[in-house]
Structure formats: C-alpha cells, structure tokens
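The values are calculated or read from the model by the stated rules, or taken from the named source; none is laboratory data. Computed from a predicted structure; not experimentally measured. We place every Cβ from the backbone using ideal geometry, glycine too, and count neighbours over all the protein chains shown.
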Number of protein chains: 2
Amino acid sequence: MPRAWTLASRPKGTPTPNDFALISVDRPELADGEVRVANRWLSVDPYMRGRMNDVKSYVPPFAIGAPMDGGAVGEVVESRDPSLAVGDLVQHMFGWRDEAVGPAAAFIKLPAIDAPPQAFLGQLGMPGMTAYWGLLAVAEAKEGDTVFVSAAAGAVGSTVVQVAKAKGMTVIGSAGGAAKGEWVRSLGADAVIDYKAGSVVEALGKAAPKGIDVYFDNVGGDHLDAALAHARPRARFAICGMIDVYNDAKPTQLKYLARLIGNRIQMRGFIVSDFMSRTAEFYQDMAILSGTLKREETVHDGLDAMPDAFLGLFTGGNTGKMLVKL
Amino acid sequence: MPRAWTLASRPKGTPTPNDFALISVDRPELADGEVRVANRWLSVDPYMRGRMNDVKSYVPPFAIGAPMDGGAVGEVVESRDPSLAVGDLVQHMFGWRDEAVGPAAAFIKLPAIDAPPQAFLGQLGMPGMTAYWGLLAVAEAKEGDTVFVSAAAGAVGSTVVQVAKAKGMTVIGSAGGAAKGEWVRSLGADAVIDYKAGSVVEALGKAAPKGIDVYFDNVGGDHLDAALAHARPRARFAICGMIDVYNDAKPTQLKYLARLIGNRIQMRGFIVSDFMSRTAEFYQDMAILSGTLKREETVHDGLDAMPDAFLGLFTGGNTGKMLVKL
C-alpha cells in the first residue's frame with residue numbers, strides 16, 4: 001500500500017513530530033489520461049510551514065488528515081496518457097508520499113539540462129527560480145551592485161550568491177556558524193557574516209562600509225533591520241521569506257524602518273509562481289551558468305524521515321537544498 | 001534688529017521649548033544680486049524634527065546656535081537684483097526668522113495661481129507636492145483604487161484625500177478625534193477612522209472589508225501594521241513620514257509584515273525633492289483642481305510662537321497646515 005504524510009494537528013509555533021502522521025492510502029486504478037509515478041526525491045521547503053496554519057494565503061492550507069503535498073521528482077511507472085511513457089522522469093507537486101497518481105498534465109518531464117534529477121527541486125527548480133527572479137527582476141540587481149543575502153547557505157540563498165557573482169555583483173552572505181560560512185565563501189561571496197556570532201547590524205556595517213544596493217531577504221527580523229540600517233540611496237529589497245516569523249506570533253521589531261524615507265528604499269514581496277511564464281528563460285540562462293554553479297544537498301533517507309527533514313529547516317539543519325531520497 | 005530661532009540643544013525624544021532660543025541677528029548690507037525679504041508666513045513641518053538630530057540624513061542637521069531654516073513666504077523689501085522687485089511675494093527656505101537676506105536665486109516668485117500666499121507653504125507647496133507625487137507617482141494610485149491615508153487631517157493627508165477623490169478613488173482617512181474626523185469626511189473621504197477610539201487594524205477591517213490597494217503612510221507604527229494586515233494583492237505603499245518614530249527610539253513593531261510576500265506588496269520611501277523637476281506639472285494639475293479643493297490652516301501668531309507651533313505637530317495640535325503668521 002502506498003503511504004503518505006498527513007497533518008495530524010495544526011502546530012502552534014514550531015511544529016513537532018506529533019503534528020504529522022504517516023498513513024496508508026488507497027492504490028486506485030488509473031483512469032484514461034492519468035499516470036502513476038514512483039517518487040524518488042521529495043522536497044521540504046520553509047513555505048510549507050505557512051500552509052499548516054488555517055489562514056487564507058497564496059497557497060491554501062493543508063487539510064487535516066489528507067495527504068500533504070509539495071515538490072517531488074519521480075519516475076513514471078504506469079501511464080494511460082500518450083504524453084508520458086514508463087521510465088520518464090517528472091517533477092510535480094504530489095510530494096510527502098511515495099507514490100503519486102494524477103492527470104498527466106500535472107507532471108512535467110524534466111528538461112534536457114545536464115544535472116541530476118533532484119536538482120530540479122533545488123537550483124533548477126522552485127528555489128532556484130526564487131533566487132533568480134527575486135534577485136534580477138524583483139530587486140532589479142545589476143552589475144556593480146552590492147548585494148546582501150540572508151540564509152545564504154540555504155537552497156535559495158546559495159543560488160542568489162552564485163547568480164549575483166556570475167552577473168558581476170559584490171556579495172555579502174549571512175549564514176549560521178563557521179562551516180556554512182566557509183561554504184558560502186567557496187561559492188564566491190566576497191564577505192560572510194556569521195549571524196550566530198554577534199550583532200548582524202554591526203557585522204554588515206563592517207562587511208559593507210559603503211552600504212548595500214540590494215537585499216535579498218529570506219529571514220526577516222534582525223537581518224531585515226540590519227539591511228535597512230545599511231541601505232544606500234535607492235536600495236531595492238526583495239522580500240522572499242520570513243522564516244523568523246513562520247513559527248512565531250511575535251511582531252517583527254525594526255529600529256531602522258524610517259530609513260526607507262530618506263534613502264527612498266523600495267521593499268517588494270514576491271512569490272515565485274508569478275514568474276512561471278518565464279521558466280524557459282530561466283532554464284536557458286541557468287544552463288549557460290550551470291557549469292560554474294555549485295550545488296550542495298542535505299539528504300535524509302526514506303519517507304519516514306520527512307518530518308525530521310522539514311523541522312531541520314528551522315534549526316539550521318541544512319546546507320544547500322534539504323531533500324528526502326526514497 | 002532681525003530675530004531668528006536657533007536650536008539651543010539637541011532634543012532627546014520629544015523636543016521641549018528649552019531646546020529653542022530666539023536670538024538677535026545682524027542686519028547686513030545687501031551685496032549685488034541679493035535681496036532682503038520681510039517674512040509674512042513661516043512653516044513648521046514634521047521633517048524638521050529629523051534635522052534636530054546630529055545624524056546624516058537627506059537634509060543636513062541644524063547647527064547648534066545658528067539660525068534654523070524652513071519654508072517661508074515673504075515680501076521683497078529691498079532688492080539689488082533685477083529679477084525681483086520691492087513688493088514681490090516670494091517663497092524660500094529662510095524660515096524660523098522674521099527677515100531673510102540672500103541671493104535672488106534662492107527666492108522664487110509665487111506663481112500666478114488664485115490662492116492666498118500661505119497656500120504655497122501648504123497645499124500648493126511642499127506638503128501638497130508630497131501628497132500629489134506620493135499618491136500618483138510613488139504609490140501609482142489610479143481610478144478605482146481604495147486608498148488608506150494616515151494623518152488625514154494634516155497638511156499632506158488632507159491633500160491626499162482630496163486629490164484621490166478628484167481622481168476617482170475610494171478613500172479611508174485616519175485622524176484623531178471627532179472634530180478632525182468630521183473635517184476629513186467633509187473633504188470627501190468615504191470612511192474615517194478615529195485612531196484614538198480603538199484598534200486601527202480592526203477599524204480598517206471594517207472600513208475596507210475588501211482591503212486596500214494603496215496606503216499613504218504619514219505616521220508608521222500601528223497604522224502601517226494595519227495597512228499591511230488589510231493590503232490586497234499588489235498593494236502599493238508610499239512611505240512619506242513616520243511621525244511615530246521621529247521622537248522615539250523604540251523600534252517599530254509589525255505583526256503583519258510577512259503579508260508583504262504572499263500579497264506581493266510594494267513599499268517605497270520617498271522625499272518630495274525628487275519630484276522638483278515636475279513642479280510645473282503639479283501647478284498645472286492643482287490649478288485645475290484648485291476650485292474644488294478645501295484648505296484648512298491652524299495659525300499661530302508672531303515669531304515668538306514658532307516652537308509652540310512646531311511642538312503642536314506632534315500632539316495632534318493642527319487641522320490642515322500648521323503656520324505662523326508674522
């Protein structure tokens with residue numbers, strides 16, 4: 001019997017393993033136009049925390065007791081649609097389970113780019129697109145800019161660092177601890193801030209004495225305030241994630257918000273699905289950069305490990321993309 | 001002897017009358033190209049609070065002991081420049097004093113718009129331009145939008161309300177107390193929030209059950225948070241002032257900041273001097289609207305009253321533009 005993770009209860013604050021339950025699910029016959037996919041790689045991403053709350057948002061909340069979903073890569077094992085054949089590798093949103101069944105249109109064949117299949121859940125998938133469009137379209141970063149990026153060792157942040165360097169920018173990345181910092185530096189970052197070692201606002205002042213032109217925000221909170229404190233005139237902020245508040249009902253405290261005015265700072269929130277129509281453009285540019293980009297993965301093994309992998313996102317447990325391999 | 005106000009000491013938090021001192025100043029002979037102007041109207045504006053701190057900002061700090069400056073309207077009483085004649089009414093930045101001397105180029109003849117001279121310190125001056133460009137250029141407000149504006153009874157806010165109504169928008173204004181609310185309603189606002197009567201976030205939810213497209217921020221703090229809570233997808237915020245923090249070292253607390261992301265909200269700080277090159281365009285449009293726009297002034301009498309007028313800005317002491325008449 002296939003198995004799937006469900007949300008057993010809506011977490012208050014930081015989720016715990018008890019908020020999740022692994023259940024057996026039916027194995028339906030395929031209807032015409034449907035395919036069956038054996039999942040090989042499952043994605044866990046910070047935005048999923050938002051879906052655990054019962055509030056209206058840009059993606060609907062998970063239903064209690066129903067299989068959860070999320071990014072996945074798998075192999076077609078049965079097909080009743082001419083567009084997909086057994087053996088095809090596909091990406092889709094029926095994650096958090098070992099087997100997926102649905103209409104062929106919900107499964108996208110992996111494009112012909114020389115990269116391992118799980119890269120399409122990371123640098124060549126949703127996190128990569130988030131980094132690419134957030135940096136270049138939302139924050140309008142350009143050659144010569146000084147870019148600050150938080151969670152620079154994460155799936156999104158590590159791609160921001162590398163795309164920014166490839167496009168001729170100066171990059172300051174923040175990450176927690178020496179090992180992650182070392183890795184961020186190896187990606188080409190000009191300076192690295194260890195946010196666990198002291199005040200972010202002071203460290204950023206030292207790393208960017210002339211200030212920053214762009215801030216790519218993955219975390220909110222102190223990092224956002226530090227970016228406000230050191231923003232140069234007409235700085236642009238791409239607000240991508242606030243991992244700081246996903247689990248926390250406390251308000252964000254900003255001491256430097258009024259600098260928005262005198263420095264004409266622009267802050268823009270965005271979600272990557274707004275850029276889906278430009279995916280071909282993304283693949284094209286990333287295929288060119290592909291040889292020069294580094295990828296790192298933190299891999300958990302087996303469907304049973306899904307909640308641990310997910311919870312690890314909030315405790316700094318990953319370098320690069322966090323994945324579960326089935 | 002002419003007299004001028006100086007900053008006697010840099011205020012900590014809210015300024016007090018002791019932070020100001022009225023001094024006598026020299027009455028220099030005019031050099032070639034200079035004019036002497038008897039000031040008739042002096043402006044006090046919230047941004048002046050920022051200039052009392054010794055920090056780098058978009059306008060330099062006031063120097064201790066030197067005459068302060070700010071917007072003023074006066075009459076030329078002596079001229080050694082062919083461009084200005086005795087009797088001309090001019091606007092300039094040598095405020096906080098009864099007599100101004102300087103190069104003719106620093107004094108601008110009032111344009112030929114049918115309005116009293118002091119209007120060029122308010123609706124037809126810096127506050128009016130701030131309202132006009134903030135609403136139409138920075139927040140890109142357009143016909144059909146629902147606009148929320150804080151400090152709607154102030155010099156800037158009351159102009160935002162009226163320009164927005166003239167351009168076919170729905171307007172919700174926030175002001176403190178019943179009398180100001182009444183006045184804001186008389187300007188055409190569709191709904192008025194009395195921020196002194198309870199929670200702004202709740203009141204805005206009732207006034208704009210479908211949310212807001214534009215927020216014109218004059219105050220920051222709770223009002224900004226309420227706007228974040230009720231922003232519709234792709235809402236645009238023009239961040240003009242944070243009167244809340246001018247006097248206050250406490251951080252701004254935002255519970256709803258993460259809504260930036262899912263709703264793709266854009267926040268932009270601005271200062272009106274960025275739009276100076278478009279002043280002719282502003283006068284042209286305002287001259288057309290002029291017959292329909294209401295103006296209110298809170299007038300203090302005499303140079304001695306300058307500090308009181310200024311301090312009144314921070315205690316809700318003004319309806320419309322706060323002025324001192326000499």
Within segment B:91-107, the count of residues that are within 21 Å of B:Gly302 (Cβ to Cβ) and either without any contact (Cβ under 8 Å) to a residue 40 or more places away in the chain or touching a Phe, Trp or Tyr at 6+ places or on another chain (Cβ under 6 Å) (or both) comes to 5
For segment B:213-236, state whether one or more residues are under 27 Å from B:Thr292 (Cβ atoms), surrounded by fewer than 24 Cβ atoms within 10 Å (Cβ to Cβ), away from chain A (no Cβ under 14 Å) and not aromatic (Phe, Trp, Tyr). yes
Among what's in segment B:11-48 and is within 14 Å of chain A (Cβ to nearest Cβ) and at pLDDT below 90, pick the residue that is farthest from B:Ala155 (Cα to Cα). B:Tyr47
Residues in segment B:266-275: is at least one of a type in the set (A, V, I, L, M), surrounded by 24 or more Cβ atoms within 10 Å (Cβ to Cβ) and within 8 Å of chain A (Cβ to nearest Cβ)? yes
Inside segment A:252-303, the number of residues satisfying the requirement of being assigned to a loop (DSSP other than H, G, I, E, B) and either among the aromatic types (Phe, Trp, Tyr) or under 17 Å from A:Gly122 (Cα atoms) (or both) is 7
Could you check segment A:99-140 and list, in sequence order, the residues that are within 16 Å of A:Arg236 (Cβ to Cβ) and not assigned by TED's automatic domain parsing to the domain that holds A:Tyr215? none
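Please work out if A:Val101 is at pLDDT 95 or above, surrounded by 17 or more Cβ atoms within 10 Å (Cβ to Cβ) and of a type in the set (Val, Ile, Thr).
Spelling it out, A:Val101 is indeed at pLDDT 95 or above, surrounded by 17 or more Cβ atoms within 10 Å (Cβ to Cβ) and of a type in the set (Val, Ile, Thr).
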Evaluation of B:Ala189 against (1) surrounded by fewer than 21 Cβ atoms within 10 Å (Cβ to Cβ); (2) without any contact (Cβ under 8 Å) to a residue 40 or more places away in the chain; (3) away from every other protein chain (no Cβ under 14 Å); (4) not in a strand (DSSP E or B) (one fails), failing number: (1)
Return a yes/no flag: does segment A:135-151 have any residue that is under 30 Å from A:Val214 (Cα atoms), assigned to a helix (DSSP H, G or I) and hydroxyl-bearing (Ser, Thr, Tyr). no
Which numbered condition B:Met322 misses (of (1) closer than 27 Å to B:Arg49 by Cβ; (2) outside any strand (DSSP E or B)): (2)
State whether one or more residues within segment A:308-324 are acidic (Asp, Glu) and in the same structural domain as A:Val44 (by TED's automatic domain parsing). yes
Residue that is nearest to A:Phe237 (Cα to Cα), among those in segment A:152-186 that are in a helix (DSSP H, G or I) and of a type in the set (D, E, K, R): A:Lys165
Residue count, segment B:283-297, condition crowded, with 19+ Cβ neighbours inside 10 Å and not acidic (Asp, Glu), comes to 3
Quick one: is A:Pro111 at pLDDT below 95, surrounded by fewer than 20 Cβ atoms within 10 Å (Cβ to Cβ) and within 14 Å of chain B (Cβ to nearest Cβ)? no
Failed item in (1) part of a loop (DSSP other than H, G, I, E, B); (2) modelled with pLDDT of 90 or more; (3) among the small types (Gly, Ala, Ser), with A:Ala249 passing the rest: (2)
Taking segment B:74-97 and keeping residues closer than 16 Å to B:Pro2 by Cα and either among the polar types (S, T, N, Q) or crowded, with 20+ Cβ neighbours inside 10 Å (or both) leaves B:Gly74, B:Val76, B:Phe94, B:Gly95, B:Trp96, B:Arg97
As an exercise: evaluate A:Thr292 against (1) farther than 30 Å from B:Phe216 by Cα; (2) within 19 Å of the chain's Cα centre (by Cα) and give the number of the one condition it does not meet. (2)
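For (1) outside the structural domain of A:Glu182 (by TED's automatic domain parsing); (2) of a type outside the set (Ser, Thr, Tyr); (3) more than 30 Å from A:Leu22 (Cβ to Cβ), each residue gets a yes or a no:
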position: A:Asn263; (1), (2), (3): no, yes, yes
position: A:Gln266; (1), (2), (3): no, yes, yes
position: A:Arg278; (1), (2), (3): yes, yes, yes
position: A:Met286; (1), (2), (3): yes, yes, yes
position: A:Ser290; (1), (2), (3): yes, no, yes
position: A:Leu303; (1), (2), (3): yes, yes, no
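Does A:Phe237 meet the test of being within 30 Å of A:Gly177 (Cβ to Cβ), in contact with a strand residue (DSSP E or B) (Cβ under 6 Å, 6 or more places away or on another chain) and outside any helix (DSSP H, G or I)? Show your work before the answer.
Values: within 30 Å of A:Gly177 (Cβ to Cβ): yes; in contact with a strand residue (DSSP E or B) (Cβ under 6 Å, 6 or more places away or on another chain): yes; outside any helix (DSSP H, G or I): yes.
In short, yes.
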Restricting attention to segment B:1-16, report how many residues are touching a residue at least 24 places away in the same chain (Cβ under 8 Å) and of a type in the set (Lys, Arg). 2
Condition test on A:Ala155, is it in contact (Cβ under 8 Å) with a residue 12 or more places away in the chain, closer than 16 Å to A:Leu224 by Cα and not hydroxyl-bearing (Ser, Thr, Tyr)? no
Counting only residues that are in contact (Cβ under 8 Å) with a residue 24 or more places away in the chain and of a type in the set (Ser, Thr, Tyr), which one in segment A:17-63 is nearest to A:Pro103 (Cα to Cα)? A:Ser43
